[in-house]
Amino acid sequence: MNTHTPPFQPVSQDDVAWLGTDPIPASPYYDPAYFELERKAVFLRSWIQVGHVCELPDPGSFIRREIEFANASILIVRGKDGAIRAFHNVCTHRGTQLVMAEAGRQSTFSCPYHMWTFATDGALVSAPDFDQFHVAKKDCALPAVAVGVCAGLIFLSFAERPEPLRDWLGDLADRLEALPVARATTFSEYVYEIDANWKLTYDNFQENYHLRFIHPRSGGAATGPDNPFGYPVHYGFHGPHRTQTIWSNRAAPPPPAPALLSYGKAAEAAAAHGIMVSQDAKDYFALFPNFFLLGSPLQHFSHVVMPISATRSRGVIRLYWIGEDDSASERFAREYLMATARDIHSEDRGVIERGQRGLSSGALQHIHLQTQEILCRHLFRSVDAAVEAYKAEMASGAEARA
Ligand code: FES
Ligand SMILES: [Fe+2]
């Protein structure tokens, strides 16, 4: 044990004073009109994380994603040239959804209705009796959607003219590229739907104030006598994105054997890829609006909260791994860590839905956030700034048209 570690000091209010201390309005967490503004001002204008390159190992590999906020079904395909592209999953003849499989590998995509067939780069390659049409094949390619990759993570943007993904991520792009997730070859996944607003759901995972009450069993290494709430040691703000460094209780008993085994295997895999291994701190990267990645240099856990309506969301939780599990005990270790993540999540889930029922009653005008819930405040401030800018843009457009 390191006896020279200075006692824990929480981040002071002075360091985050620029984000204010006002109560936060409650209605953005349940009001459908505010949700509609967020859909247009935030989700249709941001890079949204939807997958990982390890899902597209070969030319012709594809994944389909249903994106409710855009009312869209999207095909993400690795082309023969190795490039990853995204298209609306919509046949350009008369609009039929092209692919129903969630994932697979195909050299072409044929529409079941009249057999128009598209290449992996979206071009229309054949269509029966095409002479009867009054359009050129080159004008019938699948409608493209902007796609970007950073650290192996695949993002989509529905913005009219999206800025490059790396510009959007700013100084976080290089930090993400250095993480094991950039070299992941596989993952475990857990998908859930929840009766809660996306921000309320997401906020649960960016504050530690609840740990000792909601996770008393699992809180051992995350809390300690000089940090009973398990507050982080650092918060960082990067435009609309944010980071934190999670405190670790070095005096906590070691994790159970299956977790140690898994960390050991992950360390070997990371070292083989030249990744420096230290388990002292856990970095948390929150990418605006709805994705976060949390982990030690050994293991990365990602969580995306997709909005479905003002009071319903879908979460996708993943644990990423480098290399296949090459023994039964390693398989067990991976399953054990995923089962643990799922258990912890089930503790969160109930309290998030209770929060939504309370907020949706309309009983509160405001909610209150303390200094150590600053990341929740920063998310709301970032969303609300985008919503206000969008409203101003619409108003000035309407004025110009009048
Ligand atoms: S709608 Fe697809 S081929 Fe006709
Ligand atoms: Fe929690």
Using a Gaussian network model of the chain with C-alpha springs under 10 Å, which one of 109, 35, 133 is most mobile by mean-square fluctuation?
133
dims of the chain, Cα set, principal axes, largest to smallest, nearest Å -> 80, 63, 35
Quick check: Cα centre of region 89-111 to Cα centre of region 159-228, how many Å?
33 Å
With the dipole of the chain worked out from charges on the C-beta (+1 for Lys and Arg, -1 for Asp and Glu) around the Cα centre, which of 130, 232, 145 lies farthest toward the positive end?
130
Just need the relative contact order of the chain here, percent rounded to a whole number, with Cα pairs under 8 Å and 6+ apart.
21 percent
Placing +1 on each Lys and Arg Cβ and -1 on each Asp and Glu Cβ in the chain, then taking the dipole about the Cα centre, the residue among 101, 215, 260 whose Cα reaches farthest towards the positive end is 101
Between residue 98 and residues 5 or more places away or on another chain, the pairs with built amide H atoms under 5 Å apart involve 90, 91
Note down the magnitude of the dipole of the chain about its Cα centre, charges +1 on Lys and Arg C-beta and -1 on Asp and Glu C-beta and zero elsewhere, to the nearest 20 debye.
380 debye
In the chain, what cysteines have no partner Cβ closer than 4.7 Å?
54, 140, 150, 376
Suppose the chain between residue 398 and residue 361 were pulled fully straight at 0.36 nm per residue; how much longer would it get relative to their current alpha carbon spacing?
9.9 nm
Tell me which GluC sites (Glu not before Pro) from region 58-110 have a DSSP coil assignment and no more than 10 other beta carbons within 10 Å of their own.
102
Please give the contour-minus-distance gain from residue 9 to residue 36: 0.36 nm per residue of separation, less the Cα-Cα distance, rounded to one decimal in nm.
5.7 nm
Would you mind checking the tilt of helix 374-401 against the longest principal axis of the Cα atoms of the chain, expressed as 0 to 90 degrees and rounded to 10?
40 degrees
Helix 32-41 vs. the chain, principal-axis angle (Cα, 0 to 90°, nearest 10):
70 degrees
About the Cα centre of region 99-193, what is the dipole size in debye to 20, counting +1 per Lys and Arg Cβ and -1 per Asp and Glu Cβ, all else neutral?
240 debye
With everything on Cα atoms, drop me the angle between helix 328-360 and the longest principal axis of the chain, reported from 0 to 90° to the nearest 10.
90 degrees
Step by step: find N for region 65-176, compute 2.2 N^0.38 Å, then divide the Cα radius of gyration by it. What's the final number?
1.19
Once normalised by the length of region 47-158, the mean sequence separation of its alpha carbon contacts under 8 Å that are 6 or more apart gives a contact order in percent of 29 percent
Between the residues 341, 311, 322, the Cα farthest towards the positive end of the dipole of region 297-350, that dipole coming from +1 and -1 charges on the beta-carbon of Lys, Arg, Asp and Glu, is from 311
Assigning unit charges at the beta carbon (Lys, Arg +1; Asp, Glu -1) and nothing else, what dipole magnitude in debye, to the nearest 20, does region 47-158 show about its Cα centre?
100 debye
Rounded, prolate or oblate: which one fits region 1-100, using the alpha carbon gyration tensor with axes a ≥ b ≥ c (rounded when a/c is under 1.5, else prolate when a/b beats b/c, else oblate)?
oblate
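Read-outs throughout are calculated quantities, based only on the coordinates presented, and are distinct from any laboratory measurement. All of these numbers come straight from a predicted model, not from anything done at the bench. Counting neighbours? That spans all protein chains shown, and the Cβs are built from the backbone with ideal geometry, glycine included.
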